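Contents: one structure, followed by commentary.
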Number of protein chains: 2
Amino acid sequence: MAFEVHPWKVIEHGLDPKAVRLSESLTSTGNGYMGMRGNFEEDFSGDTHIGTYIGGVWFPDKTRVGWWKNGYPQYFGKTINAVRLMGIHVEIDGEPVDLAQTPCENFTRELDMQTGIVLRTFTAILPKGKVTIRAERFVSLAQKELLAISYAVTPDFACTVTLKPYLDANVHNLDSNYQETFWDMLQEEEAEDAMGLLTKTKENPFGTPRFAVAAAMSCWADGLSLCSRRMEEGMVEATYRADADAHETVTLEKFALCFTSRDEAEEMLMTVALKAAARARETGYADARDAHTAAWKARWKGCDVEIHGDDRAQQGIRFNLFQLLSTYSGEDARLNIGPKGFTGEKYGGATYWDTEAYCFPVYMAIAGQDVAKQLLLYRHMQLDGAYHNARMQGLRGALYPMVTFTGVECHNEWEITFEEIHRNGAIAHAIFDYVTYTGDESYLLSEGLDVLCGIARFYTDRVHYQPKKQCYMIHGVTGPNEYENNVNNNWYTNRIAAWSIRYFWDACQKASEERLQKLHVTAEELAHMRDVADRMYYPVDAETGIYLQQDTFMDKQLMDAADLPEDQRPINQHWSWDRILRSCFIKQADVLQGLYSLGHLYDLETKKKNFDFYEPMTVHESSLSPCVHAILAAEIGYRDKAMEMYRRTARLDLDNINNDTDDGLHITSMTGSWLTIAQGFAGMRTVDGLTLNPYLPEGWQGYAFQFHYRGRLIRLEVDGQSANLQLLLGEPLGLHFCGEDQTLQSKLTHTLA
Amino acid sequence: MAFEVHPWKVIEHGLDPKAVRLSESLTSTGNGYMGMRGNFEEDFSGDTHIGTYIGGVWFPDKTRVGWWKNGYPQYFGKTINAVRLMGIHVEIDGEPVDLAQTPCENFTRELDMQTGIVLRTFTAILPKGKVTIRAERFVSLAQKELLAISYAVTPDFACTVTLKPYLDANVHNLDSNYQETFWDMLQEEEAEDAMGLLTKTKENPFGTPRFAVAAAMSCWADGLSLCSRRMEEGMVEATYRADADAHETVTLEKFALCFTSRDEAEEMLMTVALKAAARARETGYADARDAHTAAWKARWKGCDVEIHGDDRAQQGIRFNLFQLLSTYSGEDARLNIGPKGFTGEKYGGATYWDTEAYCFPVYMAIAGQDVAKQLLLYRHMQLDGAYHNARMQGLRGALYPMVTFTGVECHNEWEITFEEIHRNGAIAHAIFDYVTYTGDESYLLSEGLDVLCGIARFYTDRVHYQPKKQCYMIHGVTGPNEYENNVNNNWYTNRIAAWSIRYFWDACQKASEERLQKLHVTAEELAHMRDVADRMYYPVDAETGIYLQQDTFMDKQLMDAADLPEDQRPINQHWSWDRILRSCFIKQADVLQGLYSLGHLYDLETKKKNFDFYEPMTVHESSLSPCVHAILAAEIGYRDKAMEMYRRTARLDLDNINNDTDDGLHITSMTGSWLTIAQGFAGMRTVDGLTLNPYLPEGWQGYAFQFHYRGRLIRLEVDGQSANLQLLLGEPLGLHFCGEDQTLQSKLTHTLA
């Protein structure tokens, strides 16, 4: 890895043609509305993955590979690659600059996380001399539709410089079958001062929305003159040319803007885009850049985490926060947090249980209660889809989807779609999280109750009664550990199901008669639900009292992950699936996930016993896994393990730990580093008021972070001597701090042992 | 269903626009080299599935839907729709005849199974009068590349008749994603007396073969004159026109021929096709028809089955034999028997375990030992692929593929590809079947030993030792009953694995030292194999002694399929997959499959006990299931059940029992009706010499069939009075007939009770 450790930047020195995809992932930028991978502006004929993605724009892939099963979703929802906005063909004396062919020196690419600007400089070595290129760009945080580029070329010899900025909608998805495309090209247009193109997703037979996208560009050039403009199907291009003297810099500013039919009427799109492009050019690059950097500054103000004495850890948490803030802003209630954000196609911009299980508490703390509520409302808005999904399985109630853009399930592997029903529990739990964090029960008794009712009904119908043991069982599931499929009585699933049913039952006790009648909830139904929740079966090892991941887990050949040869890891890249399924190795926290999520219901002894049993078998090949282990380890007192897991979660992508960051970043799991600092090292708990029990991890000189809590902004600073709490905003607050009940007026200090 | 019951024909009266696909499947024709669905020659804008398929021509679909797992095949092998050979646009006074738009009367379509000719007649009702059309065609059994059509138009009013025969390679697969195609159009050509086109499967990145296909047509017309010819990319067309008087018949004869790079050099293909088309036209339709019908007559001679007193049963068995003979002839060792033959795309022309488990004994009896040996050699030829498949799973030995064209697995559902390892056992068993049937051990000790060695090594590596029970187990499999996935210790899988290992061990005792050395088989390896075979674990219910389908089968909610509401069947079309998996219902014989395949090792009591337990839970939603139950039922003495199951297997497609015949015919399962008559009603066994213990099923007046056996041709006739055996060809034979050891000199008669 050629990436430098730096507290605020991701810096690559030198070009490694074999690792371009990885660098592209790591220098991705976005603004919640759209985003793109850190591709080159100019041509690159080497191995690259050019990707531009727009929030909420997707397509139903109807490919049916394998044998279709009844009840399968009708299509596989796909994040689709959209119009390439950043492209500029560069020619020197008629020869293209292409770093796969053209030798270069002093190649540097950096992402400045403080300002959200990507800067790339290099010197191309040509037969007649050298040409230095400086390319700077940003996806604007101040104007969501805008990508702005400043592209400067300085030859050290007299030559003809040709720059051809273009927009190109002839793009493919990475996994497309024989270059199939998902876009119809509708229109290319040329205005006095801008060029635009309009595309629309292909007709589909599923009644899912089609998206029209218009993109326009307008350019300004210093030292170059416009020679010609060209339009082809799905492509517009302008040609600028200059006869440059030696050491003369010629600069092109390109403003590319992208609008979609999600926000604008389709027939107005092209006009809107062309006008906006012309306006952006009038504003100019420098002013647009100022507005953008100011917006990033404001965003960082509320959520920066400082770590002293460990630059790698510092870079890790900032990288994660930067990408999280680039992916989701809470401004558009129709959007959610895609596991790869705008950085790749796999999992793409679809919504997963990741949102509730990992992201929700983070956004609640760093972006505030209103943003968190948007995430809750997203699921409420999609409740019809969840009812539909349950119906497709022949079951009552609501089953939230494993993967979705609309609420309707759009993933098509039975072991996931049909079996990973624990996802419902995470959505119920987010409501609990919100209510306990904010102290506000109004959501619980309004929209929240609708959601909980659907979830409780689903689980109640999904169990079956086992007369011999006089309890309820759940057969045929896949738990959070996806390295087992189709198991019976997954402890986590049974536990979160029973908890969700009971949480609904509890809420019903507080709800009005009228509210319950509207939901058609009867006393009889509630009594049955209560019975199911109370008599749920939990597999437990008789000898040790360990909670069993599933009924027959102990029949497996149990061994430690540490005994796996290094060259067989990650096992999902070296072992065939059947071997993984038969093994004891755990992809991600499962029983431990339950002991984390419902941590207030279990004592330390139980957590320790199960941690000691499961942690050695856990290979953490899900990026969502290490943070849960880190937080539990911190609570149990395994501080080394907690730090080991923190490093893994904080630098998963920067260090390419799972060897798959070239596909895109692990956005949702980036929340893990914040969770580890707050809930692990700082011991933050919010179930019963606010608790903070911080410690300073070994090797750090100190850390600090601030968070929103019940209308307040609170800052915690921890160093070798003490933990200091500061009320930055809002009314005094009673809380548990370092083991004592205290009131935070403006400051509290606790000396650390 | 508008299909008439007829001993030799499939006749449809009247056109049901909603059931066109079903009729197309049922009137499919082929000749082992190519085949096509029973489409209309003229345009049809209604719901139709136009399909032409060529043996051994396929394509790797690289679509990756869902989450790819390590070890998955790189592609999904697809039978691809090839050039449409039969098309003729028909216009009367410039208006197209299109039975989705044009009203018609007296519509009849019939497939004559004795001659392999499809005839269609109807009268189109046009504004100015009526036009009667008679369309006859055949896929020649005498010249494998030839489709010949005689198309006659008789208006009852004066009009202009235009006929435009064409070839069209712009075809899609039924399941293609947004109309993607798998063919590159290379060339269209016009010769003096023929037109041709050349296509080639698209470039693929997997190194799998690309297939070039040339098709040419030449036409002869009575009463029509050639007006023009037209070529477009992937399409050639000729236009014939006549001003016809009232009641004048105008006739077009179209000869379309199709050649592939599997047989001819690519650069010669077009020339070969054009010449062959011209020659076919010179020969003329009548002569080509004579040659074709003569070939069918000869083919029927060796294998017809007669049933007296039950025309439905008679039609069923003939339909099955006709389609089997249309699909596989044994002439081309590179081909095998696709589950849908040339009649559809699902399962397509790929090779499955169906071949060995169901087809092999039938072809051995009706087509002879040499044809059967071709099927064995096919697997021997693909042994490298099987070793590759095992390596992909990280295991030793050879794993034959679930789905293949080359020996390499090309299906991509883990529960099938990785888990349905019982398929290896069927391939070992076919060798056993061949050896015992023919009495010839030479194959066993030559190529057979290579195959058995790979299979035995695979199974031996796939087990794990369970120290507490001191036995070997097989976890994580899918048995023949695909309505359970990822189960532990499937009785059938464990049993056939142990049997296969032991069969190899036994064969090694007969093999030379040199032979074993060549296979690197050591005494130590053999001892370990013997230990695995001897100490294999078999789940058995302690109370009843029933063999358990898998370890936890008895934990399920057990109920009878008879108690399922009719409107929920077949459950695979009404229940979601997870519900099916959790239920007790069995798709196809599993434990019973083992008791059938290894019937010589189990007593009647065991068979009866297990049959009584499993049969009520079996929904037979695999077309491969009823024949196994029929044969066991006949042996046990459940004659009504045997007949019920016979009807289901013999008329599965004719009566569209599984409600999916519109996709194509269930070719491989068609062997079930022959097996039921021979092994069920006639009690034929061949493990230890030849045994026949026939009875006359209730409702039948008699039945007769003949079969090849050790160089002889034997005919069995059964009626209400007696069973008669006749030696048609070959030397006298000692056998067990009706419970007695006898010698068949020329005839044997046994009076039935």
**Q.** Cα radius of gyration and Dmax for the range B:297-374 (Å)
**A.** 13.1, 41
Q. Can you list, shortest first in nanometers, how far residue A:67 lies from the same residue in the other copies, with each label 7 Å from Cα toward Cβ?
A. 2.4
Q.
7 Å along Cα→Cβ for the label point: how many nanometres lie between residue A:713 and each equivalent label in the other copies, listed shortest first?
A. 9.7
Q. So who's got an amide H within less than 5 Å of the one on residue B:186, skipping anything under 5 residues away but keeping other chains? H placed 1.01 Å off N, in plane.
A. B:198, B:199, B:200
**Q.** Euclidean distance between Cα centres, the range A:83-129 to the range B:279-305, Å
**A.** 70 Å
Q | Accessible area in square angstrom per residue, the range A:344-393, 1.4 angstrom probe | A | 29 Å²
Q. Among rounded, prolate and oblate, which fits the protein assembly as shown when a ≥ b ≥ c are the square roots of the eigenvalues of its C-alpha gyration tensor, a/c under 1.5 means rounded, and a/b larger than b/c means prolate?
A. oblate
Q. In whole Hz, what ³J(HN,Hα) sequence does the range A:544-553 give by Karplus (6.51, -1.76, 1.60; θ = phi - 60°), x for Gly and Pro?
A. 9, x, 4, 6, 8, 4, 6, 3, 10, 4
Q: With a 1.4 Å probe on protein heavy atoms only, tell me which residues of the range B:339-363 lose at least 20 Å² of accessible surface in the complex relative to the chain by itself.
A: B:347
**Q.** Residue-wise HN-Hα coupling along the range A:556-570, computed from phi with Karplus coefficients 6.51, -1.76, 1.60 (Hz; x: Gly, Pro)
**A.** 6, 7, 8, 8, 8, 4, 4, 7, 6, x, 4, 6, 9, 10, x
Q) In sequence order, what are the phi-derived ³J(HN,Hα) couplings for the range A:90-107 according to the Karplus relation 6.51 cos²θ - 1.76 cosθ + 1.60 with θ = phi - 60°, rounded to whole Hz, with x for glycine and proline? A) 10, 10, 10, 6, x, 9, x, 8, 8, 5, 7, 10, 7, x, 8, 9, 6, 6
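Roughly speaking, to the nearest percent, how much of chain A's 1.4 Å accessible area is carbon and sulfur?
47 percent
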Q) By how many degrees, 0 to 90 and rounded to 10, does the Cα axis of helix B:639-650 deviate from the longest principal axis of chain B? A) 40 degrees
Q: Note the buried accessible area between A and B here, summed over both chains, with a 1.4 Å probe, in Å² to the nearest 100.
A: 4700 Å²
Q. Between copies, how close do the residue B:294 label points come, placed 7 Å along Cα→Cβ, listed in nm from shortest?
A. 9.5
Q) Antiparallel DSSP bridges in the range B:614-753: what percent, to the nearest 5? A) 90 percent
Q: With everything on Cα atoms, drop me the angle between helix B:285-301 and the longest principal axis of chain B, reported from 0 to 90° to the nearest 10.
A: 20 degrees
Q) Where does each of A:331-341, B:495-505 land if you order them by average Cβ count within 10 Å, highest first? A) B:495-505, A:331-341
Q: Mind pulling the angle between the C-alpha long axis of helix B:604-614 and the longest principal axis of chain B? Nearest 10 degrees, somewhere in 0 to 90.
A: 60 degrees
**Q.** Within chain B, helix-based [θ] at 222 nm, where runs of 4 or more DSSP H residues each add -39,500 (n - 2.57), nearest 500
**A.** -8500 deg cm²/dmol
**Q.** Per-peptide average of other Cβ atoms within 10 Å, ordering A:191-201, B:466-476, B:518-528 highest first
**A.** A:191-201, B:466-476, B:518-528
Q: Give, ordered by residue number, each residue of the range B:404-436 whose 1.4 Å probe accessible area is reduced by a minimum of 50 Å² on adding the remaining protein chains to the chain alone.
A: B:413, B:414
Q.
Only protein chains counted, 1.4 angstrom probe. Which residues of the range B:162-181 are at least 20 Å² less accessible in the assembly than when their chain is isolated?
A. B:175, B:177, B:178, B:180
Q.
Before I look further, what does the range A:191-269 give for accessible area per residue, probe 1.4 Å, in whole square angstrom?
A. 42 Å²
Q: Could you do me a favour and compute the accessible area per residue for the range B:555-664, 1.4 Å probe, result in Å²?
A: 35 Å²
Q. Within the set A:9/A:254; A:18/A:254; B:9/B:373; A:275/A:340; A:200/B:62; A:587/A:607, which residue pairs have Cα atoms separated by over 21 Å?
A. A:9/A:254; A:18/A:254; B:9/B:373; A:275/A:340; A:200/B:62
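The values are calculated or read from the model by the stated rules, or taken from the named source; none is laboratory data. Remember, it's a predicted structure, so these values are computed and weren't measured experimentally. Virtual Cβ from ideal backbone geometry, glycine too; neighbours counted across all protein chains shown. SASA here: full protein model, heavy atoms, side chains in, ligands and nucleic acids out. Shrake-Rupley method; radii C 1.70, N 1.55, O 1.52, S 1.80 Å.
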